[in-house]
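First comes the structure, then the notes that go with it.
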Amino acid sequence: MLRHPGRGRRPRSAAPGEDAGRRVPRAGYRGSADRSEASCKKREDYLEWPEYFMAVAFLSAQRSKDPSSQVGACIVNSENKIVGIGYNGMPNGCSDDVLPWTRTGANRLDTKYPYVCHAELNAIMNKNSADVKGCSMYVALFPCNECAKLIIQAGIKEVIFMSDKYHDTTEMTAARRMFDLAGIIYRLLFRTKHSEFLWSAACAFLR
């Protein structure tokens, strides 16, 4: 015999505190509104943009093969988009197994200095936009005079750095003088409560 769905079934008895027409949530049950309320707040310990871009510069520095100085640079446009990244290394096509990496030598040609391309130069040359005019550059070390020339000529408007440990050298003094004349803003990246990991990673480098 064909049975109609639902016929012949005994109605469920109402639980204590529950009337026949309405089901009461079990103890400890949380509705979807309660769950969404618990997860609706954003994280507060995220990196700010300046810290993020400096972290990218430090990550890029890990590509450098220089045994004594690993420096990275990150160029960012006005929309907070990365348009160039670079690190210090030998020129393209020049074997870094042949050219010297030493910092001292009886002959300057036997040191790295006549050959190495700085991070700032490589970041500008590696740009993925038509130009870098009006952009900001994040770099671990305050730029030398040669990099300052490149930064000015490229139209970069601001330089953010983490260390100025060569402040009193002729090269850095010349760089500051040119930046001032060209109206380039340069400033130290200040430490914040959310950038501890970045400063921990940079601590050895900044000594």
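Test residue 172 against the stated conditions and say whether it is closer than 19 Å to residue 125 by Cβ and touching an Asp or Glu at 6+ places or on another chain (Cβ under 9 Å).
So residue 172 fails the test.
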Extreme residue, farthest from residue 66 (Cα to Cα), among residues of region 95-116 that are of a type in the set (Asp, Glu) and within 30 Å of the chain's Cα centre (by Cα): 97
Residue check, residue 200 surrounded by 19 or more Cβ atoms within 10 Å (Cβ to Cβ) and at pLDDT below 90: no
Close pairs from region 39-65: first part of a loop (DSSP other than H, G, I, E, B), partner loosely packed, with under 11 Cβ neighbours inside 10 Å, Cβ under 9 Å, at least 6 apart: 45/193
Tally of residues being in contact with a Ser or Thr (Cβ under 8 Å, 6 or more places away or on another chain) and either in a loop (DSSP other than H, G, I, E, B) or at pLDDT below 95 (or both) across region 103-131: 5
Whichever residue in region 144-196 is in a loop (DSSP other than H, G, I, E, B) and aromatic (Phe, Trp, Tyr) and, among such residues, is surrounded by the most Cβ atoms within 10 Å (Cβ to Cβ): 166
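The values are calculated or read from the model by the stated rules, or taken from the named source; none is laboratory data. This structure is a prediction, so every number in the text was calculated from the model and none was measured. Neighbour counts run over all protein chains shown; Cβ positions are idealised from the backbone, glycine included.
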